[in-house]
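Everything below concerns the one structure shown next.
The values are calculated or read from the model by the stated rules, or taken from the named source; none is laboratory data. Since we're looking at a predicted model, the values are computed, not measured. Cβ placement follows ideal geometry from the backbone for every residue including glycine, while neighbour counts extend to all protein chains displayed.
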Amino acid sequence: MKLERLPPVRTSLQPTNHPYLTGAWTPLHEEVNAEDLQVLEGAIPTDIDGVYVRNTENQAHQPLGRYHPFDGDGMLHMISFKDGKADYRNRFIRTRCFEAEQEAGQSLWGGLADGPGVSVRPGFGAHGSLKDSSSTDVVAHGGKIVSTFYQCGEAYWLDPETLEQGGVASWAPLDGVSAHTKVDEATGELLFFNYSKQAPYMHYGVVDKDGKRVHYTPVPLLGPRLPHDMAFSANYSILNDFPVFWDQDLLAQNIHVVRMHEGLPSRFAVIPRYGSEADIRWFEAAPTYVLHWLNAYEDGDELVMDGYFQEDPCPAPLADAPRGLAHMMAYLDEHSFKPKLHRWRFNLKTGETREHHLDDRILEFGMFNQRYAGKPYRYAYSTTT
Ligand SMILES: [Fe+2]
(Lines give C-alpha, C1' and ligand atoms only; values in the text may rest on other atoms or scores of the structure.)
Protein backbone atom coordinates (compact mmCIF):
# COMPACT_ATOMS: atom_id res chain seq x y z
CA MET A 1 0.00 0.00 0.00
CA LYS A 2 1.18 3.52 -0.82
CA LEU A 3 0.04 6.21 1.62
CA GLU A 4 0.16 9.93 0.96
CA ARG A 5 -0.77 12.32 3.79
CA LEU A 6 -2.09 15.73 2.78
CA PRO A 7 -1.07 18.93 4.62
CA PRO A 8 -3.05 18.98 7.90
CA VAL A 9 -6.17 21.11 8.31
CA ARG A 10 -6.42 23.48 11.30
CA THR A 11 -8.26 22.09 14.29
CA SER A 12 -8.94 23.51 17.73
CA LEU A 13 -10.96 20.61 19.12
CA GLN A 14 -10.15 19.96 22.79
CA PRO A 15 -10.22 16.58 24.58
CA THR A 16 -13.80 15.80 25.63
CA ASN A 17 -16.07 13.03 26.88
CA HIS A 18 -18.97 14.11 24.65
CA PRO A 19 -20.62 10.87 23.42
CA TYR A 20 -20.74 12.18 19.83
CA LEU A 21 -17.07 13.27 19.79
CA THR A 22 -15.58 10.06 21.22
CA GLY A 23 -15.45 6.35 20.43
CA ALA A 24 -16.81 5.54 16.99
CA TRP A 25 -17.81 9.23 16.71
CA THR A 26 -14.26 10.58 17.17
CA PRO A 27 -13.73 13.14 14.38
CA LEU A 28 -11.08 12.29 11.81
CA HIS A 29 -8.91 15.28 10.87
CA GLU A 30 -6.38 13.65 8.57
CA GLU A 31 -6.81 13.61 4.78
CA VAL A 32 -5.01 10.86 2.87
CA ASN A 33 -4.66 9.11 -0.49
CA ALA A 34 -4.07 5.39 -0.02
CA GLU A 35 -3.34 3.30 -3.09
CA ASP A 36 -3.51 -0.45 -3.53
CA LEU A 37 -5.08 -1.30 -0.17
CA GLN A 38 -4.00 -4.52 1.46
CA VAL A 39 -6.68 -7.23 1.24
CA LEU A 40 -6.77 -9.06 4.57
CA GLU A 41 -9.27 -11.73 3.61
CA GLY A 42 -10.22 -13.21 0.24
CA ALA A 43 -9.87 -11.21 -2.96
CA ILE A 44 -11.57 -8.24 -4.56
CA PRO A 45 -13.66 -9.45 -7.54
CA THR A 46 -11.98 -8.26 -10.74
CA ASP A 47 -15.29 -7.26 -12.35
CA ILE A 48 -16.08 -4.50 -9.84
CA ASP A 49 -15.22 -1.14 -11.42
CA GLY A 50 -16.55 1.90 -9.59
CA VAL A 51 -16.46 4.02 -6.46
CA TYR A 52 -18.24 3.85 -3.12
CA VAL A 53 -18.59 7.26 -1.47
CA ARG A 54 -20.10 8.22 1.85
CA ASN A 55 -20.52 11.48 3.70
CA THR A 56 -19.69 11.87 7.38
CA GLU A 57 -19.48 14.49 10.14
CA ASN A 58 -16.03 15.36 11.53
CA GLN A 59 -15.95 18.42 13.73
CA ALA A 60 -12.69 20.33 13.13
CA HIS A 61 -13.04 23.03 15.79
CA GLN A 62 -13.99 23.32 19.43
CA PRO A 63 -17.79 23.87 19.43
CA LEU A 64 -18.96 27.29 20.63
CA GLY A 65 -21.88 25.73 22.49
CA ARG A 66 -23.47 22.30 22.80
CA TYR A 67 -22.20 20.00 20.05
CA HIS A 68 -24.78 18.05 18.06
CA PRO A 69 -23.43 15.33 15.72
CA PHE A 70 -25.20 16.93 12.73
CA ASP A 71 -22.99 20.01 13.24
CA GLY A 72 -19.75 18.26 12.28
CA ASP A 73 -17.86 19.32 9.15
CA GLY A 74 -18.65 17.22 6.08
CA MET A 75 -16.00 14.73 4.96
CA LEU A 76 -16.27 12.36 2.03
CA HIS A 77 -14.70 8.91 2.20
CA MET A 78 -14.20 7.07 -1.06
CA ILE A 79 -13.09 3.56 -1.92
CA SER A 80 -12.56 2.95 -5.63
CA PHE A 81 -12.34 -0.53 -7.13
CA LYS A 82 -10.75 -1.58 -10.41
CA ASP A 83 -8.94 -4.69 -11.69
CA GLY A 84 -9.15 -6.41 -8.29
CA LYS A 85 -7.50 -3.48 -6.49
CA ALA A 86 -8.91 -0.85 -4.13
CA ASP A 87 -7.81 2.72 -3.39
CA TYR A 88 -9.06 4.98 -0.59
CA ARG A 89 -9.11 8.73 -0.14
CA ASN A 90 -10.96 11.17 2.06
CA ARG A 91 -11.52 14.92 1.93
CA PHE A 92 -13.22 17.57 4.00
CA ILE A 93 -15.73 19.36 1.78
CA ARG A 94 -14.41 22.89 1.36
CA THR A 95 -17.69 24.68 2.02
CA ARG A 96 -17.63 28.45 2.47
CA CYS A 97 -18.18 27.86 6.20
CA PHE A 98 -15.37 25.30 6.48
CA GLU A 99 -12.97 27.71 4.73
CA ALA A 100 -14.07 30.60 6.96
CA GLU A 101 -13.46 28.54 10.12
CA GLN A 102 -10.09 27.35 8.76
CA GLU A 103 -9.11 30.97 8.25
CA ALA A 104 -10.35 31.96 11.71
CA GLY A 105 -8.81 28.90 13.39
CA GLN A 106 -12.00 28.43 15.42
CA SER A 107 -15.74 27.74 15.22
CA LEU A 108 -17.82 30.66 13.94
CA TRP A 109 -21.24 29.03 14.11
CA GLY A 110 -23.22 27.44 16.91
CA GLY A 111 -25.03 24.17 16.35
CA LEU A 112 -28.43 22.60 16.17
CA ALA A 113 -28.66 22.28 19.96
CA ASP A 114 -27.68 25.92 20.60
CA GLY A 115 -29.69 29.11 20.82
CA PRO A 116 -29.35 31.55 17.91
CA GLY A 117 -27.10 33.93 19.88
CA VAL A 118 -24.18 31.47 19.89
CA SER A 119 -23.12 31.98 16.25
CA VAL A 120 -20.52 34.66 15.53
CA ARG A 121 -21.48 34.92 11.83
CA PRO A 122 -24.90 34.94 10.08
CA GLY A 123 -25.96 31.36 9.41
CA PHE A 124 -27.01 29.51 6.30
CA GLY A 125 -30.04 27.60 5.18
CA ALA A 126 -33.45 26.82 6.57
CA HIS A 127 -32.60 27.24 10.26
CA GLY A 128 -30.83 30.55 9.76
CA SER A 129 -28.07 30.37 12.39
CA LEU A 130 -26.13 27.23 11.46
CA LYS A 131 -22.95 26.40 9.58
CA ASP A 132 -23.37 24.82 6.14
CA SER A 133 -21.26 21.71 6.60
CA SER A 134 -22.58 19.79 3.55
CA SER A 135 -22.35 16.64 5.65
CA THR A 136 -25.73 14.92 5.22
CA ASP A 137 -25.88 13.28 1.85
CA VAL A 138 -23.95 12.48 -1.31
CA VAL A 139 -25.13 11.41 -4.77
CA ALA A 140 -23.50 10.97 -8.17
CA HIS A 141 -25.01 13.05 -10.96
CA GLY A 142 -23.85 14.31 -14.35
CA GLY A 143 -20.35 12.90 -13.89
CA LYS A 144 -19.90 14.65 -10.57
CA ILE A 145 -20.39 13.99 -6.90
CA VAL A 146 -22.96 16.27 -5.22
CA SER A 147 -22.86 16.71 -1.45
CA THR A 148 -25.74 18.38 0.41
CA PHE A 149 -26.83 19.48 3.88
CA TYR A 150 -30.24 18.72 5.42
CA GLN A 151 -30.71 22.35 6.54
CA CYS A 152 -30.57 23.51 2.90
CA GLY A 153 -27.00 24.63 2.36
CA GLU A 154 -25.27 25.17 -0.96
CA ALA A 155 -24.86 21.92 -2.90
CA TYR A 156 -21.16 21.19 -3.50
CA TRP A 157 -19.51 19.44 -6.44
CA LEU A 158 -16.53 17.10 -6.17
CA ASP A 159 -14.80 14.94 -8.74
CA PRO A 160 -15.91 11.28 -8.43
CA GLU A 161 -12.45 9.87 -9.19
CA THR A 162 -10.14 12.28 -7.36
CA LEU A 163 -12.45 14.06 -4.84
CA GLU A 164 -11.03 17.31 -6.19
CA GLN A 165 -13.21 20.18 -4.94
CA GLY A 166 -15.59 21.63 -7.53
CA GLY A 167 -17.13 24.41 -5.43
CA VAL A 168 -20.83 25.27 -5.27
CA ALA A 169 -22.90 23.43 -7.90
CA SER A 170 -23.85 26.00 -10.55
CA TRP A 171 -27.43 24.73 -10.61
CA ALA A 172 -28.03 25.32 -6.87
CA PRO A 173 -30.57 28.12 -6.27
CA LEU A 174 -29.92 30.90 -3.74
CA ASP A 175 -32.66 29.41 -1.51
CA GLY A 176 -30.39 26.41 -0.94
CA VAL A 177 -30.76 22.67 -1.51
CA SER A 178 -31.97 20.13 1.02
CA ALA A 179 -30.26 16.78 1.47
CA HIS A 180 -31.71 13.77 -0.36
CA THR A 181 -31.71 15.02 -3.89
CA LYS A 182 -32.88 12.19 -6.15
CA VAL A 183 -31.30 10.95 -9.35
CA ASP A 184 -33.53 9.31 -11.95
CA GLU A 185 -31.13 6.96 -13.71
CA ALA A 186 -33.64 6.46 -16.54
CA THR A 187 -33.38 10.12 -17.62
CA GLY A 188 -30.22 11.32 -15.88
CA GLU A 189 -32.21 14.10 -14.18
CA LEU A 190 -31.64 15.19 -10.58
CA LEU A 191 -34.71 16.24 -8.56
CA PHE A 192 -34.34 18.45 -5.51
CA PHE A 193 -36.25 20.59 -3.02
CA ASN A 194 -35.54 23.19 -0.39
CA TYR A 195 -37.43 24.68 2.55
CA SER A 196 -37.17 27.83 4.63
CA LYS A 197 -38.85 30.03 7.22
CA GLN A 198 -40.01 32.47 4.52
CA ALA A 199 -43.09 32.06 2.30
CA PRO A 200 -43.65 30.10 0.09
CA TYR A 201 -41.62 27.87 2.51
CA MET A 202 -40.70 25.22 -0.10
CA HIS A 203 -39.44 24.97 -3.69
CA TYR A 204 -38.94 22.03 -6.01
CA GLY A 205 -36.61 21.79 -8.99
CA VAL A 206 -35.14 19.62 -11.73
CA VAL A 207 -31.53 19.58 -13.00
CA ASP A 208 -30.88 17.95 -16.38
CA LYS A 209 -28.26 15.26 -17.04
CA ASP A 210 -25.68 17.92 -17.95
CA GLY A 211 -25.99 19.73 -14.62
CA LYS A 212 -28.20 22.61 -15.79
CA ARG A 213 -31.19 23.66 -13.68
CA VAL A 214 -34.16 23.36 -16.04
CA HIS A 215 -37.10 23.69 -13.65
CA TYR A 216 -37.77 25.48 -10.36
CA THR A 217 -41.17 26.15 -8.81
CA PRO A 218 -42.66 27.13 -5.44
CA VAL A 219 -44.56 24.51 -3.43
CA PRO A 220 -46.44 26.85 -1.05
CA LEU A 221 -46.95 25.55 2.48
CA LEU A 222 -49.02 27.03 5.34
CA GLY A 223 -45.91 27.87 7.35
CA PRO A 224 -42.31 26.77 8.04
CA ARG A 225 -42.01 22.98 7.93
CA LEU A 226 -39.21 20.45 8.36
CA PRO A 227 -39.23 18.12 5.34
CA HIS A 228 -36.16 15.91 5.08
CA ASP A 229 -36.60 13.78 1.97
CA MET A 230 -38.66 13.54 -1.22
CA ALA A 231 -39.83 10.75 -3.52
CA PHE A 232 -40.49 10.40 -7.22
CA SER A 233 -42.12 8.13 -9.78
CA ALA A 234 -41.60 8.17 -13.54
CA ASN A 235 -43.99 11.13 -13.97
CA TYR A 236 -44.46 12.70 -10.53
CA SER A 237 -42.48 14.14 -7.65
CA ILE A 238 -43.86 13.92 -4.11
CA LEU A 239 -43.12 16.53 -1.44
CA ASN A 240 -44.34 16.33 2.13
CA ASP A 241 -45.85 18.52 4.88
CA PHE A 242 -45.99 16.65 8.19
CA PRO A 243 -47.64 17.90 11.40
CA VAL A 244 -44.23 17.71 13.15
CA PHE A 245 -42.70 21.18 12.98
CA TRP A 246 -41.51 24.12 15.05
CA ASP A 247 -43.79 25.48 17.76
CA GLN A 248 -45.02 28.67 16.10
CA ASP A 249 -45.24 30.82 19.27
CA LEU A 250 -41.69 29.91 20.32
CA LEU A 251 -40.42 30.33 16.76
CA ALA A 252 -41.70 33.92 16.82
CA GLN A 253 -39.21 34.41 19.70
CA ASN A 254 -36.49 32.70 17.60
CA ILE A 255 -36.63 29.57 19.78
CA HIS A 256 -36.62 26.31 17.81
CA VAL A 257 -38.67 23.55 19.46
CA VAL A 258 -40.15 20.77 17.35
CA ARG A 259 -43.52 19.36 18.38
CA MET A 260 -46.38 17.26 17.01
CA HIS A 261 -49.31 19.51 16.10
CA GLU A 262 -52.29 17.41 17.16
CA GLY A 263 -55.26 17.44 14.81
CA LEU A 264 -53.26 18.09 11.65
CA PRO A 265 -52.91 15.34 9.01
CA SER A 266 -49.83 14.43 7.02
CA ARG A 267 -50.04 16.17 3.63
CA PHE A 268 -48.40 15.17 0.37
CA ALA A 269 -47.90 17.38 -2.68
CA VAL A 270 -47.97 15.36 -5.90
CA ILE A 271 -46.54 17.42 -8.75
CA PRO A 272 -45.80 16.40 -12.36
CA ARG A 273 -42.04 16.36 -12.90
CA TYR A 274 -42.17 19.67 -14.78
CA GLY A 275 -45.36 20.88 -13.09
CA SER A 276 -45.92 24.27 -11.52
CA GLU A 277 -47.83 25.45 -8.45
CA ALA A 278 -51.22 25.14 -10.23
CA ASP A 279 -50.57 21.46 -11.05
CA ILE A 280 -49.97 20.38 -7.44
CA ARG A 281 -52.46 17.89 -6.02
CA TRP A 282 -52.56 17.55 -2.25
CA PHE A 283 -53.33 14.24 -0.51
CA GLU A 284 -53.94 13.76 3.21
CA ALA A 285 -52.96 10.79 5.36
CA ALA A 286 -52.51 9.72 8.99
CA PRO A 287 -50.31 12.04 11.06
CA THR A 288 -46.68 10.93 11.35
CA TYR A 289 -43.19 12.03 10.39
CA VAL A 290 -41.05 10.33 7.75
CA LEU A 291 -37.32 10.92 7.72
CA HIS A 292 -36.58 8.79 4.64
CA TRP A 293 -38.55 7.51 1.68
CA LEU A 294 -37.75 4.30 -0.11
CA ASN A 295 -39.30 4.43 -3.60
CA ALA A 296 -42.47 5.42 -5.44
CA TYR A 297 -44.12 4.20 -8.64
CA GLU A 298 -47.32 4.43 -10.64
CA ASP A 299 -49.86 1.59 -10.62
CA GLY A 300 -52.92 2.32 -12.79
CA ASP A 301 -54.77 5.28 -11.27
CA GLU A 302 -52.67 5.07 -8.12
CA LEU A 303 -49.34 6.51 -7.13
CA VAL A 304 -47.64 4.13 -4.67
CA MET A 305 -45.06 5.48 -2.22
CA ASP A 306 -43.04 3.57 0.38
CA GLY A 307 -41.26 5.08 3.37
CA TYR A 308 -40.62 4.73 7.11
CA PHE A 309 -43.69 5.79 9.11
CA GLN A 310 -42.68 6.99 12.57
CA GLU A 311 -45.08 5.73 15.23
CA ASP A 312 -43.54 8.12 17.79
CA PRO A 313 -42.20 11.20 15.93
CA CYS A 314 -41.56 13.23 19.13
CA PRO A 315 -39.99 10.70 21.52
CA ALA A 316 -39.54 11.19 25.25
CA PRO A 317 -36.00 12.02 26.47
CA LEU A 318 -33.74 8.96 26.79
CA ALA A 319 -33.80 7.87 30.45
CA ASP A 320 -30.19 6.63 30.76
CA ALA A 321 -28.50 9.38 28.70
CA PRO A 322 -25.71 11.58 30.12
CA ARG A 323 -26.95 14.82 31.69
CA GLY A 324 -28.09 17.42 29.16
CA LEU A 325 -28.12 14.93 26.28
CA ALA A 326 -31.34 13.00 26.99
CA HIS A 327 -33.37 14.85 24.37
CA MET A 328 -30.66 14.84 21.71
CA MET A 329 -29.98 11.14 22.17
CA ALA A 330 -33.67 10.23 21.97
CA TYR A 331 -33.87 12.07 18.65
CA LEU A 332 -30.85 10.16 17.32
CA ASP A 333 -32.09 6.70 18.26
CA GLU A 334 -34.11 4.87 15.62
CA HIS A 335 -35.88 2.87 18.32
CA SER A 336 -37.31 6.04 19.87
CA PHE A 337 -39.20 6.96 16.69
CA LYS A 338 -40.40 3.42 15.96
CA PRO A 339 -40.20 3.81 12.16
CA LYS A 340 -42.04 1.07 10.26
CA LEU A 341 -41.94 0.43 6.52
CA HIS A 342 -45.25 1.80 5.25
CA ARG A 343 -47.05 2.11 1.93
CA TRP A 344 -49.23 5.02 0.86
CA ARG A 345 -51.43 4.72 -2.24
CA PHE A 346 -52.66 8.03 -3.68
CA ASN A 347 -55.56 7.63 -6.10
CA LEU A 348 -55.06 10.29 -8.77
CA LYS A 349 -58.64 9.83 -9.97
CA THR A 350 -60.54 10.04 -6.66
CA GLY A 351 -58.04 12.01 -4.53
CA GLU A 352 -58.23 9.32 -1.86
CA THR A 353 -55.30 7.93 0.15
CA ARG A 354 -54.98 4.33 1.32
CA GLU A 355 -52.11 3.32 3.59
CA HIS A 356 -50.76 0.39 5.62
CA HIS A 357 -47.58 -0.98 7.21
CA LEU A 358 -45.57 -3.36 5.01
CA ASP A 359 -43.58 -4.72 7.94
CA ASP A 360 -43.77 -4.45 11.73
CA ARG A 361 -40.03 -4.31 12.43
CA ILE A 362 -38.21 -1.08 13.27
CA LEU A 363 -36.44 -0.19 10.03
CA GLU A 364 -35.02 2.96 8.43
CA PHE A 365 -32.87 4.29 5.60
CA GLY A 366 -33.65 1.77 2.87
CA MET A 367 -31.69 1.25 -0.30
CA PHE A 368 -32.69 -0.56 -3.47
CA ASN A 369 -31.33 -1.04 -6.98
CA GLN A 370 -31.44 2.52 -8.32
CA ARG A 371 -32.25 1.26 -11.83
CA TYR A 372 -35.71 0.66 -10.35
CA ALA A 373 -36.05 4.19 -8.91
CA GLY A 374 -39.51 5.51 -9.74
CA LYS A 375 -40.60 2.07 -11.00
CA PRO A 376 -42.18 -1.07 -9.48
CA TYR A 377 -39.54 -2.95 -7.48
CA ARG A 378 -39.27 -6.06 -5.34
CA TYR A 379 -36.30 -5.76 -2.97
CA ALA A 380 -35.13 -3.19 -0.44
CA TYR A 381 -32.34 -3.21 2.13
CA SER A 382 -33.09 -1.31 5.34
CA THR A 383 -31.04 -0.53 8.42
CA THR A 384 -32.05 -1.61 11.88
CA THR A 385 -30.38 -1.19 15.25
FE1 LIG B 1 -31.39 11.78 5.88
> Does any residue of the range 161-168 turn out to be assigned by TED's automatic domain parsing to the domain that holds R91, touching a strand residue (DSSP E or B) at 6+ places or on another chain (Cβ under 9 Å) and of a type in the set (S, T, Y)?
Replying inline: yes
> in the same structural domain as W293 (by TED's automatic domain parsing) and within 16 Å of the ligand (Cβ to nearest atom): does that describe P376?
Replying inline: no
> Is at least one residue of the range 374-385 under 19 Å from A269 (Cα atoms) and part of a strand (DSSP E or B)?
Replying inline: no
> Which condition number does L363 fail, the rest of (1) surrounded by fewer than 20 Cβ atoms within 10 Å (Cβ to Cβ); (2) of a type in the set (A, V, I, L, M, F, W, C); (3) farther than 24 Å from P200 by Cα; (4) under 24 Å from the mean Cα position of the chain (by Cα) being met?
Replying inline: (1)
> If you check V39 against the conditions, is it in a loop (DSSP other than H, G, I, E, B), over 13 Å from L13 (Cβ atoms) and touching a strand residue (DSSP E or B) at 6+ places or on another chain (Cβ under 8 Å)?
Replying inline: yes
> Limited to the range 328-344, what total is found for residues that are surrounded by fewer than 18 Cβ atoms within 10 Å (Cβ to Cβ) and in a strand (DSSP E or B)?
Replying inline: 1
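In the set A286, A296, which member is in contact with a Ser or Thr (Cβ under 9 Å, 6 or more places away or on another chain) and under 19 Å from P243 (Cα atoms)?
From the options A286, A296, the qualifying one is A286.
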> How many of the residues making up the range 1-59 are basic (K, R) and touching a residue at least 40 places away in the same chain (Cβ under 8 Å)?
Replying inline: 2
> Do you know which of the residues in the range 214-250 that are over 22 Å from E302 (Cβ atoms) and within 16 Å of the ligand (Cβ to nearest atom) is farthest from the chain's Cα centre (by Cα)?
Replying inline: V244
> Looking only at residues in the range 287-327 that are of a type in the set (D, E) and part of a strand (DSSP E or B), which one is nearest to the ligand (Cβ to nearest atom)?
Replying inline: D306
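Would a scan of the range 106-121 turn up a residue that is in the same structural domain as T11 (by TED's automatic domain parsing) and within 16 Å of the ligand (Cβ to nearest atom)?
Yes.
Restricting the range 77-122 to residues that are in a loop (DSSP other than H, G, I, E, B) and of a type in the set (G, A, S), which is farthest from the chain's Cα centre (by Cα)?
Residue satisfying both the conditions and the ranking: G84.
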> What number of residues within the range 137-188 satisfy the criterion of being within 16 Å of the ligand (Cβ to nearest atom) and outside any loop (DSSP other than H, G, I, E, B)?
Replying inline: 10
> Are any residues in the range 232-255 in contact (Cβ under 8 Å) with a residue 60 or more places away in the chain and surrounded by fewer than 18 Cβ atoms within 10 Å (Cβ to Cβ), and if so, which ones?
Replying inline: A234, N235, N254, I255
>> Give me the residue from the range 188-206 that is among the aliphatic types (A, V, I, L, M) and more than 16 Å from G275 (Cβ to Cβ) and, out of that set, farthest from the chain's Cα centre (by Cα).
In response: A199
> Has the range 128-135 got at least one residue that is within 15 Å of the chain's Cα centre (by Cα) and part of a strand (DSSP E or B)?
Replying inline: no
> Taking the range 189-225 only, how many residues are among the hydrophobic types (A, V, I, L, M, F, W, C), part of a loop (DSSP other than H, G, I, E, B) and in contact (Cβ under 8 Å) with a residue 60 or more places away in the chain?
Replying inline: 1
> Among the residues of the range 315-325, how many are surrounded by fewer than 15 Cβ atoms within 10 Å (Cβ to Cβ) and either out of contact with any helix residue (DSSP H, G or I) (no Cβ under 7 Å at 6 or more places or on another chain) or under 17 Å from P19 (Cβ atoms) (or both)?
Replying inline: 6
